[in-house]
Amino acid sequence: MKHPKASSKHQAPNTRKAPSSKFQAGSAGRGLELGTWDFFGVWNLVFGVWSLNRRLRRCGLSSGLVSVSLVLAVLCVADLQARQCVVCDIGISGDCYLITDRVTGLEQVICEGCVLLKTRCYLCGMPVKNDLMTLGDGRFLCARDSKNVVLSDDEAQRDCADARDELVRLFSRFTTFPKTNVTVVMVDRTQMDQLMQTPGFDRQCPSVNGYIRSRVVAGGEWKHPINILNGLPKYRLMAVCAHEFGHAWVRENLPPSRDIDRDSEEGFCELVAYKLMERLNQQAQMDAIRNNLYTRGQFDLLLEADTTYGFYTVVQWMKCGTDNCLRSEEPDRIRKIDERRLLKPRRESPAVPLVFVPNRGKCVWERRM
Ligand SMILES: [Zn+2]
Ligand SMILES: [Zn+2]
């Protein structure tokens, strides 16, 4: 099937106009299963009616009955080809548009009226017409996704505390994670935007899910203030927390001499979040992390190393590996470490804060310059 360029200025990045034929649009939009059924179903029906008519004629039945059955067949074919817009639930008579639901990953068919809707769910990216939820900062949620988000600050704090406690249990054999010196504050989009405009941040992305800004205070102790966007689904929220705790761990545990590549640090934090999601049986979140290309392969190499050698090897490499990143040609170099680097504890402030941003439907981490 052709993938024509999205031509309308109203179309979102996850939307494209379907091929002109309704049949093609349907098979693309509703998935191969239905499209295949349509194709064979329609022709089986036509063939069946044609065979039936031949037998009826042989039996000497009237041509009127034959005509009626043919008309019925045509109507059935037309009905099979009719499509409904998943947004407004009305049959589509004009152009069809294909839009990818970012939550399910499925491509859906919508009508030309709904493709113009400005109200888009900030989680799945689908247009929302009925039963939409509007948050105080202007974000919209579809009826389905509004049921799965954490809106209460207390509940979000409990989820973050649970995430941290699970991390401690999960990694208790290898290391521990900061606790008393970490604060998590839920913010809305407006507040997050304001935070991004503080010195050191540059507002580049319209959608930011959270960030950590670790610093050393008087007495040499680390403080890790974390801000997370409210209104996230529970397990995405916990994955964001886990990733942030990963950065807090990096700040406190890597010696000053350790020069770690930015992508490797992101990959490590993604690995921490991934393993937490694995422990909690959250396949969708695991897939989202796996499909995220932001760490440029570092997450995959770290996951491979974790599977092959165990998390202890990953932790040791993070602390005192001789390479600043992993290379796919020599993944075994994760075992090359220089333990002399561990002699001096790390006590300097990170130069650049880290933020979590959705990027075309996939959540990625960025270091804001
Ligand atoms: Zn519609
Ligand atoms: Zn949605």
Criterion violated by LEU132 - all others in (1) touching a residue at least 24 places away in the same chain (Cβ under 8 Å); (2) surrounded by 14 or more Cβ atoms within 10 Å (Cβ to Cβ); (3) within 16 Å of ligand 1 (Cβ to nearest atom) satisfied: (1)
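Could you list all residues from the stretch 102-145 that are among the hydroxyl-bearing types (Ser, Thr, Tyr) and over 20 Å from ALA18 (Cα atoms)?
Residues of the stretch 102-145 among the hydroxyl-bearing types (Ser, Thr, Tyr): 104, 119, 122, 134.
Within the stretch 102-145, THR119, TYR122, THR134 meet the criteria.
Determine whether the stretch 144-156 contains at least one residue that is open to solvent by less than 10 Å² (accessible area, probe 1.4 Å), within 12 Å of ligand 2 (Cβ to nearest atom) and farther than 30 Å from TYR312 by Cα.
Restricting attention to the stretch 144-156, the residues satisfying the condition of being open to solvent by less than 10 Å² (accessible area, probe 1.4 Å) are 145, 150, 156.
Adding the requirement that they be within 12 Å of ligand 2 (Cβ to nearest atom) leaves 145.
Those left that are additionally farther than 30 Å from TYR312 by Cα: 145.
Yes, the stretch 144-156 has at least one match.
Being surrounded by 13 or more Cβ atoms within 10 Å (Cβ to Cβ) and either part of a loop (DSSP other than H, G, I, E, B) or at pLDDT below 55 (or both): is that true of TRP365 here? First the steps, then the outcome.
Numbers: surrounded by 13 or more Cβ atoms within 10 Å (Cβ to Cβ): yes; either part of a loop (DSSP other than H, G, I, E, B) or at pLDDT below 55 (or both): yes.
Yes; evaluated as a whole, the condition is true for this residue.
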Looking only at the stretch 102-117, and only at residues there that are away from ligand 1 (no atom under 14 Å from the Cβ) and in a loop (DSSP other than H, G, I, E, B), the one that is surrounded by the most Cβ atoms within 10 Å (Cβ to Cβ): ARG102
Tally, over the stretch 246-268, of residues that are touching a Pro at 6+ places or on another chain (Cβ under 7 Å) and within 16 Å of ASN209 (Cβ to Cβ): 0
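This table checks each residue for (1) hydroxyl-bearing (Ser, Thr, Tyr); (2) out of contact with any helix residue (DSSP H, G or I) (no Cβ under 9 Å at 6 or more places or on another chain); (3) assigned to a helix (DSSP H, G or I); (4) touching a residue at least 12 places away in the same chain (Cβ under 8 Å).
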| residue | (1), (2), (3), (4) |
| --- | --- |
| ALA156 | no, no, yes, yes |
| ASP162 | no, no, yes, yes |
| SER172 | yes, yes, no, no |
| PHE177 | no, no, no, yes |
| THR180 | yes, yes, no, no |
| VAL184 | no, no, no, yes |
Count - residues of the stretch 140-154 that are assigned to a helix (DSSP H, G or I) and free of Cβ contacts under 8 Å to residues at least 60 places away in the same chain: 4
Candidates ARG120, ARG139, ARG164, ARG169, filtered to the one that is charged (D, E, K, R) and within 16 Å of ligand 1 (Cβ to nearest atom): ARG120
Every residue from the stretch 294-338 that is open to solvent by 70 Å² or more (accessible area, probe 1.4 Å) and in a loop (DSSP other than H, G, I, E, B): ARG296, ARG327, SER328, GLU329, GLU330, LYS336
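The values are calculated or read from the model by the stated rules, or taken from the named source; none is laboratory data. The shown structure was predicted, so the numbers you read here are calculated from the model rather than taken from an experiment. Please note: Cβ atoms are built from the backbone with ideal geometry, for glycine as well, and neighbour counts cover all protein chains shown. Note: areas computed on protein heavy atoms with side chains; ligands, DNA, RNA excluded. Shrake-Rupley method; radii C 1.70, N 1.55, O 1.52, S 1.80 Å.
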